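Comments concern the structure below.
The values are calculated or read from the model by the stated rules, or taken from the named source; none is laboratory data. The shown structure was predicted, so the numbers you read here are calculated from the model rather than taken from an experiment. Please note: Cβ atoms are built from the backbone with ideal geometry, for glycine as well, and neighbour counts cover all protein chains shown. The accessibility values were calculated without ligands, DNA or RNA, using every heavy atom of the protein model including side chains. Shrake-Rupley method; radii C 1.70, N 1.55, O 1.52, S 1.80 Å.
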Amino acid sequence: MAKQSRPKKPANTDRVGTIYRALRRAIIEQALEPGAKLPEDAIGERFGASRTIVRHALGQLAAEGLVELRRNKGAAVATPSWDQARDIFDVRIAMERLVMQRLAGNLTRAQIDQLKAHVAEEEKARSHDETLSIRLATEFHIVLAEMTGSAVLSRYVSEVSSRCGLILALYSRPHSSECAVSEHRAIIDALSKGDAARAIAEMDRHLEAVAGRALIVARPNKGRDIKDILAGYAKADADADKRTGARR
């Protein structure tokens, strides 16, 4: 019997996803800073896509609060106000307490090993790759949420964690990955021992420390060209697609 081939996704859908992932990663890693303009023509030129396709990707990011769509002014990376910043952190703390409650005492050995390996990658990146360190620190929280098995919780933790990244890009002192590494290890230890109260306390302490590293002072914009910024992200996504295709 002939092996059936998988139905291919429409090319436009793939292109929207590629642009969405590249922009989202660039925002999370703070390569694209809050307030940075996101011109559809420049993005489309970098990815070989129409403005309509770029507009769909920007719309997805706007739905997550990472991009602002401004009437007659085009899109830009979102710029949370200081008042919004505190609210976003409070919402994040409440959601991550729920994650701690669900995971304490319920993690498998494989999941604990996965978390420890992730933190080991954070530690390795902290001294030589700040953008990777920032992304891994954010992804640690997303991985925890995914381990609950709740799609809703995973989605909202992912969105609010990414929005906190925007806040830190605007207001924070320089990224302190060493603090995050030790704080993440304390969270894993509490979860692996089934101590929900301690896990919640460690997460609260960690997120309050992250918020506490923020200052009410905007950082200067680096002023880099968006096509130069996205070049590496476009290549990374293309390389990932090739690896995925090779495994099929």
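Which is outside any helix (DSSP H, G or I), modelled with pLDDT under 65, open to solvent by 40 Å² or more (accessible area, probe 1.4 Å) and over 29 Å from ARG46 (Cα atoms), of PRO220, PRO174?
It is PRO174.
Go over the candidates SER182, SER150, SER161 one by one and state the one that is within 21 Å of the chain's Cα centre (by Cα), hydroxyl-bearing (Ser, Thr, Tyr) and either open to solvent by 30 Å² or more (accessible area, probe 1.4 Å) or at pLDDT below 90 (or both).
None of the others qualify; the one that does is SER182.
Residues of the range 120-159 being aliphatic (A, V, I, L, M), touching a residue at least 12 places away in the same chain (Cβ under 8 Å) and out of contact with any Asp or Glu (no Cβ under 9 Å at 6 or more places or on another chain), which ones?
Of everything in the range 120-159, those that are aliphatic (A, V, I, L, M), touching a residue at least 12 places away in the same chain (Cβ under 8 Å) and out of contact with any Asp or Glu (no Cβ under 9 Å at 6 or more places or on another chain) turn out to be ALA125, ILE142, VAL143, MET147.
Here is a yes/no grid of residues against (1) buried (at least 19 other Cβ atoms within 10 Å of the Cβ); (2) modelled with pLDDT under 95; (3) outside any helix (DSSP H, G or I):
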residue: SER127; (1), (2), (3): no, yes, yes
residue: ILE187; (1), (2), (3): yes, no, no
residue: ALA199; (1), (2), (3): yes, no, no
residue: HIS206; (1), (2), (3): yes, yes, no
